[in-house]
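The values are calculated or read from the model by the stated rules, or taken from the named source; none is laboratory data. Small disclaimer: the values here were computed from a predicted structure and weren't measured. In this analysis, Cβ positions are derived from the backbone assuming ideal geometry, glycine residues included, and neighbour counts consider all displayed protein chains.
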Amino acid sequence: MLMMMGAWPLLAANNSGLPLPRFVALKNDEANVRTGPGTRYPIQWVYRRAGMPVEVIEEYDLWRKIRDGEGTSGWVHKTMLEGKRNVMIKGKAPQILRIDYAADAKPLLKLEPTVIGRLMECNKDWCRIQVTGRKGWMEKKYLWGVYADEEFD
């Protein structure tokens, strides 16, 4: 099945009918991550950050295997996830949120690594995000939660 989301084609689908892989966000401040798809599997760790972007890489019934920005993966129940798109600043250095999508555009905010923002739109190299009510543009390469070839408005 070929699906279009934004401007990029998605070839994989699954029992939910949604594409794989795809980005979503953690819904609650606490989400148990298990070693397998079910409550009989032990809890590996607990995420404690609502809104954090994660990538759904597999599905089994009501369970989703997710991967975080550090590459760690595990299984969560689908009710722990929401479809809204957030991004997280990646890397070790602060990055500049700018008024427009150009490296010399006026700076709005300096964002520390792991800050989460709402993803609004993306072009080839930049994404517009919202952080603490401020909207601006950041280079896509500094964001976890959006694919390199993803474009949408």
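Yes/no per residue for (1) outside the structural domain of Cys122 (by TED's automatic domain parsing); (2) in contact with a helix residue (DSSP H, G or I) (Cβ under 7 Å, 6 or more places away or on another chain); (3) modelled with pLDDT of 95 or more:
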{"site": "Ala12", "(1), (2), (3)": "yes, no, no"}
{"site": "Pro53", "(1), (2), (3)": "yes, no, yes"}
{"site": "Arg64", "(1), (2), (3)": "yes, yes, yes"}
{"site": "Trp75", "(1), (2), (3)": "yes, no, yes"}
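Scanning segment 44-57 for residues that are surrounded by 12 or more Cβ atoms within 10 Å (Cβ to Cβ) and farther than 22 Å from Ser16 by Cα turns up Gln44, Tyr47, Arg49, Ala50. Could you tell me whether any residue of segment 67-85 is more than 21 Å from Ser16 (Cβ to Cβ), in contact with a Pro (Cβ under 9 Å, 6 or more places away or on another chain) and not in a strand (DSSP E or B)? Among the residues of segment 67-85, at least one is more than 21 Å from Ser16 (Cβ to Cβ), in contact with a Pro (Cβ under 9 Å, 6 or more places away or on another chain) and not in a strand (DSSP E or B), which makes the answer yes. Restricting attention to segment 68-86, the residues being surrounded by fewer than 15 Cβ atoms within 10 Å (Cβ to Cβ) and among the charged types (D, E, K, R) number 2.
Any residue at all in segment 19-35 that is touching a Pro at 6+ places or on another chain (Cβ under 9 Å) and at pLDDT below 95? Looking for residues that are touching a Pro at 6+ places or on another chain (Cβ under 9 Å) and at pLDDT below 95, one finds none in segment 19-35, hence no. Taking first residues from segment 73-95 that are over 17 Å from Arg48 (Cβ atoms) and partners that are surrounded by 15 or more Cβ atoms within 10 Å (Cβ to Cβ) and among the polar types (S, T, N, Q), the Cβ contacts under 6 Å between residues at least 6 apart in sequence or on separate chains come to Ile89/Gln95. Restricting the search to segment 107-140, which residues are within 13 Å of the chain's Cα centre (by Cα) and surrounded by fewer than 14 Cβ atoms within 10 Å (Cβ to Cβ)? Scanning segment 107-140 gives a single hit, Thr114.
Does segment 47-55 include one or more residues that are touching a Gly at 6+ places or on another chain (Cβ under 6 Å) and under 16 Å from Ala25 (Cβ atoms)? Taking every residue of segment 47-55 in turn, at least one turns out to be touching a Gly at 6+ places or on another chain (Cβ under 6 Å) and under 16 Å from Ala25 (Cβ atoms).
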